[in-house]
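To start, the structure under review is shown below, and the notes come after it.
The values are calculated or read from the model by the stated rules, or taken from the named source; none is laboratory data. Everything quoted here is computed from the prediction, not taken from an experiment. Note that each Cβ is placed from the backbone with ideal geometry, even for glycine, and that neighbours are counted across all protein chains shown.
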Amino acid sequence: MNCIIIEDEPAAQSILEHHISRCTDLHCFGTFADAFSAQTFLDANTVDLIFLDINLPEMSGVSFLRSLVHPPLVIFTTAYSHYAVDGFDLEVVDFLLKPFSFERFYKAVNKAREKFNAGSQQVLPAKLSVKSGKRIYQILVEDIQLIETCGDYVTIFCTDKKLVVHGTLKSWEEKLKGSSFMKVHRTTIVNLSKIDHIEGNQIQIGDHKIPVSEQFKEQLLERMFG
């Protein structure tokens, strides 16, 4: 699971980063000291889990979570137990009361893992309808090789066609979540089943050479060989 930390206390940041590093299936993509910097990251990236401190500067963790249209899984962290009610009202995965042990942390992660795996088992439609120009196309999901973003548009490369569609890469990440698709670069999602080979930091899919960002490479190899 890809995750981020939103926590303003350096000591608490270090503890969370250390605990996350002990979990082989957790990949921390960033630590943020306030909700606004985290939001900037989430505007361009999708994560599966947020470790969210409630007492943040300027905007509380509760207010931040309520502002998210499609929130990922969330584990609240705080030093104040009375906030637990807010957490359950917002259907967060768990509530970690500081200071917490690794065992308690791991129990919360297991809850998140169970929810994540249940969501990953969703059945994707075999076909998707997309509007490109004045035409509406029906495309087979399995025929999609990769999706690239440029500005307010994405280009969908299929085995037999290329379609330019209005939308964001993040929306396509959500649409294809739980399938064989994976983000490998800030501009690109690929269909893992279409990969011919990986060489260094490049993926070959048909005639396409796609760069892989370092932040995604370890997860890519786990998805391919795990």
Practice problem: Check the stretch 163-172 and report whether any residue there is loosely packed, with under 12 Cβ neighbours inside 10 Å and closer than 24 Å to Phe41 by Cβ. | Solution: yes
Self-check item: Qualifying residues in the stretch 132-150 (those that are part of a strand (DSSP E or B) and surrounded by fewer than 10 Cβ atoms within 10 Å (Cβ to Cβ)) - the one nearest to the chain's Cα centre (by Cα)
Solution: Gln138
Practice problem: Quickly run through the stretch 153-183 and pick out the residues that are part of a loop (DSSP other than H, G, I, E, B) and under 20 Å from the mean Cα position of the chain (by Cα). | Solution: Gly167, Thr168, Leu176, Lys177, Gly178, Ser179, Ser180
Quiz item: For the stretch 60-81, how many residues meet the condition of being in a loop (DSSP other than H, G, I, E, B) and surrounded by fewer than 16 Cβ atoms within 10 Å (Cβ to Cβ)?
Solution: 5
Quiz prompt | Scan of the stretch 25-54 for residues that are part of a strand (DSSP E or B) and within 25 Å of Lys175 (Cα to Cα), ordered by number | solution = His27, Cys28, Phe29, Gly30, Leu49, Ile50, Phe51, Leu52
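Answer yes or no: is there a residue in the stretch 115-131 that is aromatic (Phe, Trp, Tyr) and either closer than 30 Å to Leu52 by Cβ or in contact with an Asp or Glu (Cβ under 9 Å, 6 or more places away or on another chain) (or both).
yes
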Exercise. State whether one or more residues within the stretch 177-196 are without any contact (Cβ under 8 Å) to a residue 40 or more places away in the chain and either out of contact with any strand residue (DSSP E or B) (no Cβ under 9 Å at 6 or more places or on another chain) or more than 28 Å from Leu49 (Cβ to Cβ) (or both).
Key: yes
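Identify, from the list Glu218, Glu142, the residue that is touching a His at 6+ places or on another chain (Cβ under 9 Å) and outside the structural domain of Cys23 (by TED's automatic domain parsing).
Going through Glu218, Glu142 in turn, just one is touching a His at 6+ places or on another chain (Cβ under 9 Å) and outside the structural domain of Cys23 (by TED's automatic domain parsing): Glu218.
Can you list the strands (runs of 3 or more DSSP E) found entirely within the stretch 185-226 that contain at least 3 residues being farther than 21 Å from Lys162 by Cβ?
Passing ranges, in order: 197-199.
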